[in-house]
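Reading through the structure tokens given below for one structure.
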Amino acid sequence: MGGVEDEEPALKRMKLSSKGLIGLSNGSSSVEPIGGSSSDLMARPLPSEGDEDVIGSKGVIKREEFVRIIAKALYSLGYKKSGAYLEEESGIALHSSVVNLFMQQILDGHWDESVATLHNIGLADESIVRSASSLILEQKFFELLEGEKVMDALKTLRTEIAPLCINSSRLRELSSCFVSPHDIVKARSRSKLLEELQKVLPPTVMIPDRRLEHLVEQALILQREACIFHNSMDKEMSLYSDHQCGKDQIPSRTLQILEAHDDEVWFVQFSHNGKYLASSSNDRSAIIWEVGLDGGLSVKHRLSGHQKPVSSVSWSPDDQELLTCGVEEVIRRWNVSTGECLQVYEKLGVGLVSCAWSPTGKYILSGLSDKSICTWELNGKELDSWKGQRTLKISDLAITGDGKQILSICKDNEIVLFNRETKDERFIEEDQTITSFSLSKDNKFLLVSLLNQEIHLWKIDGNPKLVGKYKGHRRSRFVIRSCFGGLKQAFIASGSEDSQVYIWHRSSGDLIEALPGHSGAVNCVAWNPANPHMLASASDDRTIRIWGLNCLNVKYQNVHSNGIHYCNGAT
């Protein structure tokens with residue numbers, strides 16, 4: 001296959017004009033046949049039995065379409081000689097002679113002739129002809145204005161563009177060019193105009209740019225989505241073979257056991273950048289763990305000061321600060337670097353039951369034991385409060401990335417999506433008691449854990465809609481938390497009262513793994529957002545397990561409570 005060279009192949013059927021088409025990405029050429037017998041040297045398709053109009057084992061690929069798309073791709077890649085050879089040898093032209101003439105007229109700026117040729121292409125839909133004509137005549141209009149031929153531009157607008165009646169608002173925009181000449185939009189390049197025309201004209205007339213690349217990408221994406229174990233970067237996918245991952249891409253081997261807590265570990269959450277893990281425990285402490293460059297975790301700070309068990313934590317958007325929430329107690333804000341307690345948030349007569357950061361990091365949110373929700377400035381000043389049935393005593397709390405919607409469990413079987421700006425409320429209603437929920441990174445989905453040992457996936461942009469269910473784990477007495485995770489959050493993970501970690505494929509709902517190892521109920525799981533191959537699980541057995549790939553030939557040193565740096569959060 002030829003690259004881009006200066007001299008044209010002797011066998012090329014059509015010459016390129018000295019300007020215009022030679023620079024096009026689609027490599028289309030003007031219609032000027034070359035005489036001579038050199039074309040006899042080309043290999044010709046041999047007669048064969050059967051249907052020559054289709055190729056492939058399934059009989060669904062039309063030969064002509066296939067060849068034209070390949071030729072289009074060759075020209076787009078700059079292999080103009082190879083594209084021309086393909087047209088010559090196959091006898092299948094990328095474009096008809098009329099379309100080639102039309103394209104050349106566009107590039108040469110022969111607007112009236114190109115509109116006339118457009119009518120000769122044989123388009124059945126008159127609206128397409130009008131739309132294409134409008135694009136051409138607008139180009140003519142702007143080029144006349146740029147050439148300071150104002151009267152000719154006005155005539156084009158009145159006698160050629162206006163009668164097409166394509167868009168009255170667009171007509172007003174063009175008319176304003178005469179009133180405000182400084183606001184005139186510069187005419188697009190003529191090759192850009194051809195790209196716009198490709199979008200309007202049927203693909204049988206002008207094949208869309210990068211059509212072959214689009215088809216190949218679609219095939220790869222479909223293969224990826226059909227692969228329930230896919231958890232590696234897309235750049236590792238190849239065209240040479242069908243894509244299929246094995247279970248070795250799923251974190252399923254314990255690489256490290258963290259044993260620094262003195263009681264049940266209730267909650268774990270990785271920082272957004274994946275460099276830290278925070279855990280909270282019934283031992284009334286939280287621990288910040290640092291993820292080393294080798295993937296091993298070590299204690300950075302142990303955060304003490306709560307008078308009650310610590311139920312949850314929340315990372316600031318920049319990962320520089322951490323919130324810890326005691327059970328119906330107070331919220332504490334910590335400096336991740338130093339371990340210093342920066343602020344205590346409390347309200348007289350009520351306990352705080354949940355915590356979350358605003359997307360900007362300028363304020364925090366909390367659910368209260370009186371079932372209200374509060375927002376606080378970082379200095380501890382209360383900003384706003386929403387009374388009524390907004391939250392439960394044991395509840396999760398989240399806010400969407402745009403800061404507009406607050407999500408909270410407002411009743412045993414209901415989650416409220418409260419719009420802070422409009423005060424509108426939407427509800428997700430379940431038949432069973434809701435124990436916890438998790439918001440997806442793109443804010444479009446909500447993972448809801450239920451009392452009946454099911455996890456439900458809800459689509460929440462627009463009217464909430466149930467789109468998935470996951471089963472297999474055990475839950476009867478405790479709050480068990482689940483999470484999104486893996487590459488592009490393609491997996492669902494959950495703790496379980498049978499001491500195992502469960503992993504499902506998000507789209508199919510297939511159970512992929514049930515990971516043994518813990519000796520007590522697994523209360524919470526967290527997937528590292530920066531490393532799809534790292535998973536953490538927190539258990540009543542007082543440990544945190546770090547899970548990684550089976551193929552990793554590493555085993556990190558377990559971490560015990562000896563030698564931990566304690567940070568006193570007293571204020």
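The values are calculated or read from the model by the stated rules, or taken from the named source; none is laboratory data. None of the values given here were measured: they were computed from a predicted structure. Cβ atoms come from the backbone with ideal geometry, glycine included; neighbour counts cover every protein chain shown. When the accessible area is computed, the model is the full protein with side chains, heavy atoms only, and any ligands, DNA or RNA have been set aside. Shrake-Rupley method; radii C 1.70, N 1.55, O 1.52, S 1.80 Å.
Determine which aspartates and glutamates satisfy two conditions relative to residue 471: a Cα distance under 18 Å, and not lying fewer than 8 residues away in the same chain.
Candidates past the 8-residue exclusion: 430, 431, 454, 497, 498, 510, 513.
Once you place label points 7 Å from the Cα toward the Cβ at residue 179 and residue 423, how far apart are they in nm?
It works out to 4.0 nm between the two label points.
Identify, among 307, 458, 478, the residue whose Cα sits farthest towards the positive end of the charge dipole of the chain, taking +1 on the Cβ of Lys and Arg and -1 on the Cβ of Asp and Glu, with the dipole about the Cα centre.
Farthest towards the positive end: 307.
Using a cut-off of 12 Å between beta-carbons, work out the net charge of the residues near residue 468 (Lys and Arg +1, Asp and Glu -1, residue 468 not included).
Details: positive: 459, 465, 469, 471, 506; negative: 454, 510.
Residues close to residue 468 contribute a combined charge of +3.
Output the relative contact order of region 97-206, whole-number percent, from Cα pairs under 8 angstrom with separation of 6+ residues. Walk me through the numbers before you get to the answer.
Numbers: 77 pairs, mean separation 33.9, N = 110.
It rounds to 31 percent for region 97-206.
Output the relative contact order of region 432-476, whole-number percent, from Cα pairs under 8 angstrom with separation of 6+ residues.
Working: 89 pairs, mean separation 13.2, N = 45.
Averaging sequence separation for qualifying contacts and normalising by length gives 29 percent for region 432-476.
Using 0.36 nm per residue of separation minus the Cα-Cα distance, give me the extension gain between residue 169 and residue 385 in nm, one decimal. Write down the numbers at each step before the final one.
On the way: separation 216, 0.36 × 216 = 77.76 nm, distance 4.59 nm.
Contour length minus the Cα-Cα distance gives 73.2 nm.
If the viscosity is 1.306 mPa s and the temperature 10 °C, what translational diffusion coefficient in µm²/s does Stokes-Einstein give for the chain when Rh comes from Kirkwood over Cα pairs? Intermediate results must be reported in sequence, preceding the final value.
On the way: Rh = 28.8 Å.
It comes out at roughly 55 µm²/s.
When the accessible area of the chain is computed with all protein chains present and a 1.4 Å probe, what percentage of it is carbon and sulfur? Intermediate results must be reported in sequence, preceding the final value.
Working: 13820 of 27900 Å².
Reported share for carbon and sulfur atoms: 50 percent.
How far is helix 190-200 tilted, in degrees, relative to the longest principal axis of the Cα atoms in the chain, given as a value from 0 to 90 rounded to the nearest 10?
70
Only Lys, Arg, Asp and Glu count, each charged at its Cβ (+1, +1, -1, -1), so figure out the dipole size of region 97-206 about its Cα centre, rounded to 20 debye.
On the way: 12 positive and 15 negative charges, 39 e Å.
With only Lys, Arg, Asp and Glu charged at Cβ, the dipole is about 180 debye.
Find out how many positive minus negative residues lie around residue 413, taking Lys and Arg as positive, Asp and Glu as negative, among other residues whose Cβ is under 9 Å from that of residue 413. Provide the component values of the computation, followed by the final result.
On the way: positive: 411; negative: 412, 414, 429, 430, 431.
Summing Lys/Arg as +1 and Asp/Glu as -1 gives -4.
For region 246-388, please report how many Lys pairs fall under 16 Å Cα to Cα, leaving out neighbours fewer than 8 apart on the same chain. Can you show the working numbers first?
Working: 275/300; 308/347; 347/371; 347/381; 347/387; 362/381; 371/387.
Lysine pairs meeting both conditions in region 246-388 amount to 7.
Report, in whole Å, the centroid distance computed from the Cα atoms of region 241-302 and region 316-363.
Measuring centre to centre over Cα atoms gives 21 Å.
When the Karplus curve 6.51 cos²θ - 1.76 cosθ + 1.60 is applied with θ = phi - 60°, which whole-Hz ³J(HN,Hα) does each residue of region 473-485 get, with x for Gly and Pro?
Karplus values, whole Hz, x for Gly and Pro: 7, 10, 7, 9, 10, 10, 7, 10, 9, 10, 7, 7, x.
Taking the Cα atoms only, what angle lies between the long axis of helix 211-226 and the longest principal axis of the chain, rounded to 10 degrees?
Between the helix axis and the principal axis of the chain, the angle is about 30 degrees.
Report the extension gain between residue 340 and residue 222 in nm, rounded to one decimal, defined as 0.36 nm multiplied by the number of residues separating them, less their alpha carbon distance. Intermediate results must be reported in sequence, preceding the final value.
On the way: separation 118, 0.36 × 118 = 42.48 nm, distance 4.90 nm.
Gain on stretching residue 340 to residue 222: 37.6 nm.
Relative contact order for region 434-562 using alpha-carbon pairs under 8 Å, separation at least 6, rounded to a whole percent?
Values: 310 pairs, mean separation 20.0, N = 129.
Once normalised by length, the contact order is 16 percent.
Which order do the peptides 533-542, 344-353, 261-270 take when ranked by the mean count of other beta-carbon atoms within 10 Å per residue, highest first? Mind showing how you got there, number by number?
Working: 533-542: 24.1, 344-353: 16.2, 261-270: 22.2.
The most tightly packed comes first, giving 533-542, 261-270, 344-353.
Can you give the net charge of the other residues whose Cβ lies under 12 Å from the Cβ of residue 513, counting K and R as +1 and D and E as -1? Write down the numbers at each step before the final one.
On the way: positive: 247, 253; negative: 248, 510.
Spelling it out: positives minus negatives among the neighbours equals 0.
Arrange the residues 125, 294 by how much accessible surface each exposes, largest first, with a 1.4 angstrom probe. Show your work: numbers first, answer last.
Details: 125 70, 294 105 Å².
Listed by decreasing accessible area, they come as 294, 125.
Using alpha carbons only, how many angstrom separate the centre of region 161-212 from the centre of region 69-94?
28
Could you give the Stokes-Einstein D for region 350-500 in µm² per second, using the C-alpha Kirkwood radius, 37 °C, 0.692 mPa s?
Details: Rh = 15.9 Å.
Calculated translational D: 207 µm²/s.
Determine the dipole magnitude for the chain: charges of +1 sit on the beta-carbon of Lys and Arg, -1 on that of Asp and Glu, nothing else is charged, the reference point is the Cα centre, and the result goes in debye to the nearest 20.
980
In Å², what does the accessible area per residue of the chain work out to with a 1.4 Å probe? Can you show the working numbers first?
Numbers: 27900 Å² over 571 residues.
Computed with neighbouring chains in place, this is 49 Å² per residue.
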